[in-house]
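Here the structure comes first, spelled out in structure tokens, and everything after it is commentary.
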Amino acid sequence: MKSIICPHCNATTPAPAQFCRKCGEPFQAAPEQPQDPSLQNNLPAASPPAFIPLETPLHTVPETPQKPPSRRSLKPGWIVLLILLCLGSIAVTITGVVFLDEIKELLGLTRATPVAEVVPALISPPTSTRTPTPPEPPAPSPTITSTATLPPPRRLTICSATEPEDYYLYGATNLAKQHVLEAVYDGPFDHIKYDYYAVILEKMPSLADGDALILRADVSQGDLVVNDDLRVVTLSNGELVRPAGCRSSDCAITYNGGSLQMDFMQVTFSLLPGLTWSDGTPLTAADSVFSFYLNGDPDTDANKYVYNRTAEYRATGDLTAIWISLPGYLDNNYHANFWSPLPQHVLGMISAADMSYTDLEHLLLGWGPYIFEDHIPGEQISFTRNPAYFRASEGLPVFQELVIRFIGDDGNAAVANLLSGECDLLSRDIPLADQGQLLLDKQVSGALNAVIWSDQYYEHLDFNLKPVDTIVNSGAFAGWDLDGDGVGPFGDIRLRQAVAYCLDRQAVVDEVYLGQVPPANTILPPDHPLMAPSLPDLTYDPQAGMALLNEIGWIDEDGNAHTPRIAQGVTGVPDGTPLTFSYESTTAPQRIQALAILAESLAQCGFGVNVAHWPTSEWLAGGSNSRLLGRQFDLGQYAWGSSFGIPCQVYMSNNIPGDPDEVDAYGNILYPNGWDGQNDSGYSSPQFDAACNLAIQTLPGEPGYVENTWEVQYILAHDLPIIPLYTRFLISATRADFCNFTPASAYYSELWNLEEFAYGTACP
């Protein structure tokens, strides 16, 4: 990649560019230098193969770029600016004409862009009317002086608990890194609650508008397709697939050779015109295609679910990209299958294997409101306003500088930093739950603004319906194998219902979550647009719970509700066995509080509860070693997230974690997803599997889309393999005069509209 060394500050800027990305000074025209062919990108941009082999190498490895020097002292460019400032004052004196745009630029209110545009003034323009003092008359060895002082730039300071491990889109993820990416990138779309909104796209594609299509393909033996279980397979005899027009397992057929037609999707994405990277290079659809290939490379540690079900993703022009699915795959989230662009002209020379190990600090280019400036480890990351931002004509971003400070996870210290003015906004990664009431009180007094919103993650309690054979004798329910089928005592739905009635979920909401979140009745949050009506009420009712226990044969022998009941005639359970089980989760502070409350409410019904908390590394360890995935619990509590559609796949029988080599009497693999399966309860229901398959294969806007999601919820509510508990809440806080902070998503940074943040006089 060609680069230009700035003659003013010695920083390097990727070519082509007209202005330095560090100091904003224009470059003088220089003769073209021949480019080293070894640095050319190896990726095809315009015409990739229909399905890229995963072993295809993506790039070559470049030399490590030099880190630009830090800007600490007065640069020659500023001397030039002062000269111009003085000359401008003379011109005002002579002609009485003020060149306002030039003065604004000299004062740092604007910077020239690669297209010679002037960035508009702030929403609240500076009130200073100071003009530069004219210089003294010329003398033999003149010394240029000026009494003009530059106003300090308006700065936004966001405080975070942690700092990013890297700046790579497909690298390690934490919230601090998401904040950085939100500042540097803007979009490509915003995920707000349960829908998507275009940012750098013309619009979100849809079936109704014709930029998303369902088409038919002729397939035959040996072709890659998605089968009835939504797995990518090579079509061969005996494979269960869905022919064209079929959306459920009810109409799936067994392939026996020859040719057949299957449905696939074609979706077109159109970029806004005029988008540029912050170095002035045009942003094109080829940058999104480049990101797609990088995502799919085996050396890239990224989710490849959609990538593996993609037949083709290519640029059809500078501003358009087309996504085509494999036959048999209809994605109800198709409108989001646009890969976030990455700057091919900068990163295209780095291999996928080396991408995570390359210092990307000064290769971090985006199209968003801010440009990465500097990272001081353990302290802060600083940014400057991007003059090439596509919303600059709206006066955005409001602030000239952005700083993300790392202040640790002490909630009390964070609130003190906010009140002292060291922070303008506290990120939600700072654990503020214990300070929730304090924040609400301070808000009432006008000292700050507390922002509490409902999470898109719902906490749920899972029953271990099918203990793993190798550990069935290790738990509290050791040997309780009803009918010898590996199903424990929770196989009796009445026992699961009794647990549901004896859980005081509202007490957790009131005591742990300050009454700010609602209990949940299904696997969707209560405000989700696909929430089913008329679901069974799981309201706390200990009398109903104890009545069910009596019906099953769990008897309160001593008349003391707080001692465990014992078995008396319970099917498959020896008489006299106490009703005692484990209730397990992670060591997260809110879960520790919640489990204590819920265990106490269960004890009042006669359940003996052994509470255990595990570090996440053990709770979610790989394979059978995981307390959760290995089903080494009786009751387990954790969270799933809900997004655009319904997340029912996690409870399908093909998603039960287990030994990938284990087969049934007919040679069928019992656990096709191995230990990566997410159905940690071991729930298996052909009725549910069929309903979930139909729900996720019906696309938004098609007949039955909403009703199919309701059917999934009704089946889960009846079978009760899990108990939805409550949605979680998230807490941020801002200075009292802060505006335009409207967090809306739990999956991404709450800074989705960072460019609009303001405070003080900059607020409407």
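We did not get these values from a lab; they are worked out from the coordinates using the rules stated. Here the structure is a predicted model, which means the values were calculated and not measured. All Cβ positions, even for glycine, are placed from backbone atoms using ideal geometry, and neighbour counts span all protein chains on display.
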Whole-Hz couplings from phi, Karplus 6.51/-1.76/1.60, listed for region 732-744; x for Gly and Pro: 10, 8, 10, 4, 5, 9, 7, 9, 6, 8, 10, x, 9
Just need the relative contact order of region 455-728 here, percent rounded to a whole number, with Cα pairs under 8 Å and 6+ apart. 28 percent
Peptides ranked, highest mean first, by Cβ atoms within 10 Å: ranges 752-761, 529-538: 752-761, 529-538
Note the direction-averaged projected area, equal to a quarter of the hull surface, for the Cα convex hull of region 455-728, in nm². 14.5 nm²
Please report the antiparallel percentage of DSSP beta bridges with both residues in region 455-728, rounded to the nearest 5. 65 percent
In straight Cα distance, which aspartates and glutamates are under 16 Å from Lys193, not counting same-chain residues fewer than 8 positions off? Asp455, Asp527, Glu750
Amide H contacts of Leu156 (H built 1.01 Å from N, under 5 Å, at least 5 apart or other chain): Glu401, Leu402, Val403
List, in order, the whole-Hz ³J(HN,Hα) value for each residue of region 721-730 obtained from phi through the Karplus relation with A = 6.51, B = -1.76, C = 1.60 and θ = phi - 60°; use x for Gly and Pro. x, 9, 10, x, 9, 5, 7, 8, 10, 10
Which whole-number percentage describes the relative contact order of region 204-345, with Cα contacts under 8 Å and a sequence gap of 6 or more? 27 percent
For the ranges 366-375, 431-440, what's the packing order if you count other beta-carbon atoms within 10 Å of each residue, average per peptide, and put the highest first? 366-375, 431-440
Name the residues whose placed amide hydrogens come within less than 5 Å of the amide hydrogen of Tyr638, ignoring near sequence neighbours (fewer than 5 apart) on the same chain. His460, Asp462
When the Karplus curve 6.51 cos²θ - 1.76 cosθ + 1.60 is applied with θ = phi - 60°, which whole-Hz ³J(HN,Hα) does each residue of region 692-705 get, with x for Gly and Pro? 5, 4, 5, 5, 7, 9, 8, 8, x, x, 7, x, x, 4
Between Leu326 and residues 5 or more places away or on another chain, the pairs with built amide H atoms under 5 Å apart involve Thr310, Ala311
Peptides 617-626, 579-588: what's the order by average Cβ count within 10 Å, highest mean first? 579-588, 617-626
Classify region 381-467 from the C-alpha gyration tensor, please: rounded if a/c falls under 1.5, else prolate or oblate depending on whether a/b exceeds b/c. oblate
